[in-house]
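Have a look at the structure below before the remarks.
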Number of protein chains: 2
Amino acid sequence: MTSNSATSTKKCPLEGIKVLDLGQIYNGPYAGFLLAHAGADVVKVEPLSGEVLRERGGGEVPLSFAMLNTNKRGITINLKESKGKELLLELAGEADVLLENFAPGAMDRLDLGIDLFLEKNPRLIYASGSGYGLTGPKRDNLAMDLTVQAVSGMMSINGLENGPPMKAGAAVCDFVGGVHLYAGIVTALYEREVTGVGGVVEVAMQEAIYPVLTSNIASLHRNKWKQPLRRGNKHPTRGSAPYNVYEANDGHIAIICVKEDHWFSLLRLLNREDLIVDKRFATQALRALNEDAVDELVENWTKTKTKEEAVKLLAKNKIPAAPVRNLEEVTRDEHMHERGMLRYVTHPIMGEIVLPTSPIRHHGSTTRELNLEPHLGQHTTEVLSDWLKMSKDAIAELRGFNAIH
Amino acid sequence: MTSNSATSTKKCPLEGIKVLDLGQIYNGPYAGFLLAHAGADVVKVEPLSGEVLRERGGGEVPLSFAMLNTNKRGITINLKESKGKELLLELAGEADVLLENFAPGAMDRLDLGIDLFLEKNPRLIYASGSGYGLTGPKRDNLAMDLTVQAVSGMMSINGLENGPPMKAGAAVCDFVGGVHLYAGIVTALYEREVTGVGGVVEVAMQEAIYPVLTSNIASLHRNKWKQPLRRGNKHPTRGSAPYNVYEANDGHIAIICVKEDHWFSLLRLLNREDLIVDKRFATQALRALNEDAVDELVENWTKTKTKEEAVKLLAKNKIPAAPVRNLEEVTRDEHMHERGMLRYVTHPIMGEIVLPTSPIRHHGSTTRELNLEPHLGQHTTEVLSDWLKMSKDAIAELRGFNAIH
């Protein structure tokens, strides 16, 4: 152990950091996942009935729960019982981080307000993920990924030009909020090394989405908010063509020509060098103006190929392109498996599944084992003994009070 | 200055941290933005011709550039000239962080490989954002937000049930990658406090998107990859209704009933309490099965209301709902302005604009001034004098070598 001297054999960045993860569904648990995969001792705290995401597997633990809760230990605490509240405060006294994504005010209603935790442990970092934040007039608006996608503007720019606003297919608000929450926690951990004190860090999903919309906000602003909000797969500001998703004979491929060279290479590949001098296509701006003609030209070619054939030819000619892959294909991506981002794991219930590690990669860090999601209350005894040096009798007493499982 | 003692009057979390931000477009600059807004001294390093995003404003600086580069200082360095390369290495000797999102290998081709920086400064954190990462067989695939949306699976689950795969309207890959890059940098800063050494941290956009797709991966996996990939605005796994975006008489609103109480309240609001006993709607699963009937019922009501009217009534009855807002409405959001997330600023060229601060909020931190994006090379002299104690003559000499602007 050489953790306090300069050394090139690093362990994991957050080794030794203790986390109470009260997260539920996606937002909080993803912040906890990133902490766990950076080496922290993350203890997932669940109610006696289990975190709500557990129930969404139709009787079995769903893959989503397995994906987000690797490398965490699991305990149960009944926060409606006074002995349970006391226990959480005791654990917070030993923790570096407590994170939760309950609705604002929910912890207060349990008589577990933030101040109580910070009084107990001034070095604690209390992290809150929510829809709209802990302050402000809309704090208490009900926030799910769907409603935050609506108010945040995410829906307004997604969908077809002549169609209604459309939800992004992924739960982007939950996860974009979650990674910002992780980032805020680690920022506070760094700050604590300097100041010696913890504090409160919060992330509102609505606010985390705002910067993600930068390019859309900028182009609409430039056009006095008037340009088509939605453009399907076409360039958002009609600034570039080819820029679209094209039909292949077995699926779709995305193609984008950023530079003049890309366009010339594409014309050569299509055996249409005659069009190099075509005035409709002389500049990027003109091609964008004539995007329908450009798209027809390109799709007439892509339709004759499989997506892999087309993408290989495009890559060989250094034209930016990519196959549209479905999620089954993505989970089997050899590149991500080779890099260690994805791993095949045999799960006792689900059999062979693919689980992700952290997308944040620190060169030289120890590669950790991947431990499956905890069973409900699997580590209650272990953690209470580890963190609080609690005796078996004391733990049994807590069980008697219905404070733990 | 009480930076080394416990105190409740905090400054900014990253005060004193020096960053060289070689980011371009969205991915790298957003990581630099988060660093700047956490209090770091972020120096944006641009080529003599300026960062490429500057050109996208039709002659003026685009709002996107202004949004992502507040609170940064700006310098120019010509990395194609040997004196420019030397200068960057000198600056890296003084820096805590260097971040870039060039294509993998681009810095090597400039004879500015990572090792050179870490030899110069073993405490440096070198941060790389890219499409597919610094290793692996697909490292060199051309990566733009569009192509990464295609291969990452993001497109496959976005769009209408009977329509083609569709790009998410926002540049999600760039920004989700960018915030993970910030998170990785801050994690490495924390680790350096313990180990004394810096190192390399990298984030691949494709990998950062994977966890965002958790719920989609899980539900497709459960259905043996067979269920409709895309569901438009409906519940991704047909697990819930109402769960949709409905037409109001002046726009759209999102409504979602999570609990039985929400459904009962909705029926009361619609004056359709007779349906409480309707067998088609007796459980969440049955309502999902009959989602078309549910949606028709709800939309017949929403169509008679403005979106604000409908949302007010729904809120009063504690039914989760939200108006679909366009981006102009979002920039004027009173809640985010009151919280300080958004600010009205008078820009010398654009006039009154709205600029974001960081979505990561540390309670008790000093509220910083919002400094507009730097002009090209605005702080070159200032930074070289600050960081390297360079004389005016030495700076003039660098200009003579075409190493700086």
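Where a number appears in this text, it was derived from the coordinates with a stated rule and is not lab data. Not measured: the values here are computed from a predicted model. Positions of Cβ are backbone-derived with ideal geometry, glycine not excepted, and every protein chain shown enters the neighbour counts.
Taking the number of Cβ atoms within 10 Å of each Cβ as an exposure proxy, the fewest-first ranking of B:125, A:353 is A:353, B:125.
Among the listed pairs A:167/A:318; A:167/A:226; A:18/A:80; A:167/B:259, which have their C-alpha atoms separated by more than 26 angstrom in this model? Beyond 26 Å: A:167/A:318. Dipole check for region A:281-405: with +1 at the C-beta of Lys and Arg, -1 at the C-beta of Asp and Glu, and the Cα centre as origin, the magnitude is about 380 Debye. Identify, among B:150, B:35, B:213, the residue whose Cα sits farthest towards the positive end of the charge dipole of chain B, taking +1 on the Cβ of Lys and Arg and -1 on the Cβ of Asp and Glu, with the dipole about the Cα centre. Checked the options; the winner is B:213. Legend: Rg and Dmax of chain A, from Cα coordinates, 25.6, 86 Å.
Place a label point 7 angstrom from the Cα of residue B:367 along the Cα-to-Cβ direction, then list the residues of region B:334-349 whose backbone nitrogen is under 20 Å away. Hits in region B:334-349 for residue B:367 at 20 Å: B:334-347. Mind telling me which of B:121, B:300, B:78 comes out most flexible in a GNM of chain B, alpha-carbon contacts under 10 Å? Taking springs between Cα atoms under 10 Å, the residue moving most is B:300.
Return the subset of B:138/B:224; A:389/B:11; A:234/B:234; A:307/B:72 for which the Cα-Cα distance in this structure is over 32 Å, preserving the input order. Violating the 32 Å limit, Cα to Cα: A:389/B:11; A:307/B:72.
Sorted fewest first by neighbouring Cβ atoms within 10 angstrom, B:65, B:33, B:102 come out as B:102, B:65, B:33.
Simple spin-label estimate for residue B:161 and residue A:275 gives 3.6 nm between the two label positions (7 Å along the Cα-to-Cβ direction from each Cα). Rounded, prolate or oblate for region B:1-111? Axes are the square roots of the Cα gyration tensor eigenvalues, ordered a ≥ b ≥ c, and the cut-off for rounded is a/c under 1.5. Oblate shape, in that a/c is at least 1.5 and b/c is the bigger or equal ratio. Annotation: the residues B:187, B:381, sorted from fewest to most other C-beta atoms within 10 Å of their own C-beta, follow the order B:381, B:187.
Taking each residue as 0.36 nm, the span from residue A:193 to residue A:385 lengthens on full extension beyond its C-alpha to C-alpha distance by 66.4 nm. Overall shape: prolate for region A:114-204, with the ratio a/c of the largest to smallest alpha carbon gyration tensor axis at 1.5 or above and a/b above b/c.
Would you mind putting A:175-181, B:17-23 in packing order, based on average other-beta-carbon counts within 10 Å, highest first?
Going by the mean number of other Cβ atoms within 10 Å, highest first, we get A:175-181, B:17-23.
With distances taken between every two different alpha-carbon atoms, region B:317-405 has a Kirkwood hydrodynamic radius of 17.3 Å. Where the alpha-carbon atoms of region B:58-210 are placed on the principal axes, they occupy 57, 42, 29 Å, in descending order.
Between A:203, A:43, A:277, the Gaussian network model of chain A with springs among Cα atoms under 10 angstrom shows the greatest mean-square fluctuation at A:277.
What's the center-to-center distance, using Cα atoms, between region B:330-357 and region A:93-116 in Å? If you average the Cα positions of each part, the centres end up 31 Å apart.
Where nothing but the Cβ of Lys and Arg (+1) and of Asp and Glu (-1) is charged, how large is the charge dipole of region A:224-282 around its Cα centre, in debye to the nearest 20? Here the size comes out at about 580 debye.
Restricting the calculation to alpha carbons of the protein assembly as shown gives Rg and Dmax of 26.3, 86 angstrom. So what's the net charge close to residue A:138: Lys and Arg +1, Asp and Glu -1, counting the other residues with Cβ under 11 Å from its Cβ? After counting each charged neighbour, the total is -2. Counting only DSSP beta bridges with both residues in the protein assembly as shown, the antiparallel share comes to about 45 percent. Note on B:307-316: average number of Cβ atoms from other chains within 10 Å of each residue's Cβ is 1. Shape analysis of region B:332-378 places it in the oblate category; the axes a ≥ b ≥ c from the Cα gyration tensor give an a/c of at least 1.5, with a/b not above b/c.
Determine, from the Cβ-Cβ distance of residue B:224 and residue B:52 and an R0 of 51 Å, the FRET efficiency 1/(1 + (r/R0)^6), rounded to the nearest 0.05. That pair, residue B:224 with residue B:52, gives E of 0.70.
Ascending distances from the residue B:163 label point to its copies in the other chains, with the point 7 Å along the Cα-to-beta-carbon line: 0.2 nm. Other protein chain C-beta atoms within 10 Å of residue C-beta, averaged over B:133-144: 5.
Express in % the proportion of alpha carbon pairs of region A:58-139 at distances exceeding 23 Å.
The proportion of pairs with Cα distances above 23 Å equals 32 percent.
Inter-copy label distances at residue B:89, using a point 7 Å along Cα-to-Cβ, come to 5.9 nm with the shortest given first.
Placing +1 on each Lys and Arg Cβ and -1 on each Asp and Glu Cβ, with no other charges, gives the protein assembly as shown a dipole about its Cα centre of roughly 780 debye. Inter-copy label distances at residue B:401, using a point 7 Å along Cα-to-Cβ, come to 7.0 nm with the shortest given first. With a simple spin-label model that places each label point 7 Å from the Cα along the Cα-to-Cβ direction, the separation between residue B:292 and residue B:394 comes to 7.6 nm. With respect to chain A, whose longest principal axis is taken over its alpha-carbon atoms, helix A:307-316 is tilted by about 80°.
Per residue of peptide A:340-353, the mean number of Cβ atoms on other chains within 10 Å of the residue Cβ is 1.
For region A:243-324, report the convex hull volume of the alpha-carbon atoms normalised per residue, in Å³, without decimals.
About 74 Å³ per residue, rounded to a whole number.
Please go through region A:273-380 and write out the GluC sites (Glu not before Pro) that DSSP classes as loop and that have at most 13 other C-beta atoms within 10 Å.
A:369
Residues whose amide H falls under 5 Å from that of residue A:76, counting only those 5 or more places apart or on a different chain, are A:46, A:377, A:380, A:405, with hydrogens built in the peptide plane. Please build a GNM for chain B, connecting alpha carbons under 10 Å apart, and tell me which residue among B:224, B:80, B:138 fluctuates the most. With Cα springs under 10 Å in chain B, the top fluctuation among B:224, B:80, B:138 is at B:224.
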